[in-house]
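Q: Let me begin by handing over the structure; questions about it come next.
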Amino acid sequence: QVQFVESGGGLVQAGGSLRLSCAASSRTFSMSPMGWFRQAPGKEREFVAGLSWNGGSTLYADSVKGRFAISRDSAKNTVFLQMNSLKPDDTAVYYCAGRRPPYRLGDDVFSDPHSYDYWGQGTQVTVSS
């Protein structure tokens, strides 16, 4: 069963913005560290951004620092990725991911995809030059 559903992808020009959403299927993930990853054609899956269970700690790939922002709304059981100043190199399928319980209720943030157990099916982001 799908655990996360991503939305908000689309076609944008370089320099534009998109806001991706990741809706969790269960309140179980309200206390899970969450991450965003992307995979472009011919490239390996790449960490983009992560945040702790309460949103207090974040982590970003160097390639997106200053341009992307990850956040969560626990009441809505949704994680967001705000993407600004988009570049053609940002073109990829974007996935959100969460961890299985139990959770350590600290400020852990994970960039390793193997630290996550459940994934959405992805949303396509295409940035034209």
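The values are calculated or read from the model by the stated rules, or taken from the named source; none is laboratory data. All figures in this text were calculated on a predicted structure; none of them were measured in a lab. Quick reminder, even Gly has a Cβ in these numbers, built from the backbone with ideal geometry, and neighbours come from all protein chains shown. The protein model used for the area step is the full one, side chains on, heavy atoms only, and it has no ligands, DNA or RNA in it. Shrake-Rupley method; radii C 1.70, N 1.55, O 1.52, S 1.80 Å.
Q: What are the residues in the range 41-57 that are among the hydrophobic types (A, V, I, L, M, F, W, C) and either open to solvent by 20 Å² or more (accessible area, probe 1.4 Å) or more than 15 Å from THR123 (Cβ to Cβ) (or both), if any?
A: Kept after step one, since they are among the hydrophobic types (A, V, I, L, M, F, W, C), are these residues of the range 41-57: 47-49, 51, 53.
Matches in the range 41-57: PHE47, LEU51, TRP53.
Q: Scanning for something crowded, with 22+ Cβ neighbours inside 10 Å, polar (S, T, N, Q) and either modelled with pLDDT under 95 or at positive phi (or both), does the range 14-34 turn up at least one residue?
A: yes
Q: Pairs needed: first member in the range 36-50, within 15 Å of ALA69 (Cα to Cα); second member anywhere, open to solvent by 60 Å² or more (accessible area, probe 1.4 Å) and of a type in the set (Phe, Trp, Tyr); C-beta distance under 9 Å; at least 6 residues apart or different chains.
A: Within 9 Å, the pairs are PHE37/TRP119.
Q: Another one. Open to solvent by less than 60 Å² (accessible area, probe 1.4 Å) and among the acidic types (Asp, Glu): does that describe ASP73?
A: On the way: open to solvent by less than 60 Å² (accessible area, probe 1.4 Å): yes; among the acidic types (Asp, Glu): yes.
Considered against the rule, which asks whether it is open to solvent by less than 60 Å² (accessible area, probe 1.4 Å) and among the acidic types (Asp, Glu), ASP73 comes out as yes.
Q: Please find, within the range 77-129, the residue that is surrounded by the most Cβ atoms within 10 Å (Cβ to Cβ) out of those that are of a type in the set (A, V, I, L, M) and outside any strand (DSSP E or B).
A: Looking at residues that are of a type in the set (A, V, I, L, M) and outside any strand (DSSP E or B), I get LEU86.
Q: Something else about it: I'm checking my understanding of the structure. Among residues of the range 60-94 that are of a type outside the set (A, V, I, L, M, F, W, C) and touching a helix residue (DSSP H, G or I) at 6+ places or on another chain (Cβ under 9 Å), which one is nearest to ARG27 (Cα to Cα)? Please lay out each step first, then the result.
A: From the range 60-94, those of a type outside the set (A, V, I, L, M, F, W, C) are 60, 62-63, 65-67, 71-74, 76-78, 82, 84-85, 87-91, 94; that's our starting set.
Filter again for touching a helix residue (DSSP H, G or I) at 6+ places or on another chain (Cβ under 9 Å), leaving 63, 67, 72, 74, 77.
Numbers: SER63: 31, ARG67: 29, ARG72: 13, SER74: 9, ASN77: 7 Å.
Among them, the one singled out is ASN77.
Q: List every residue pair whose Cβ atoms sit under 7 Å apart, with the two residues 6 or more apart in sequence or on different chains, where the first one lies in the range 84-109 and is over 19 Å from PHE37 (Cβ atoms) and the second, anywhere, is part of a loop (DSSP other than H, G, I, E, B) and open to solvent by 40 Å² or more (accessible area, probe 1.4 Å).
A: Every condition considered, the pairs that remain are SER85/GLY15; TYR103/TRP53; LEU105/TRP53; ASP107/GLY56.
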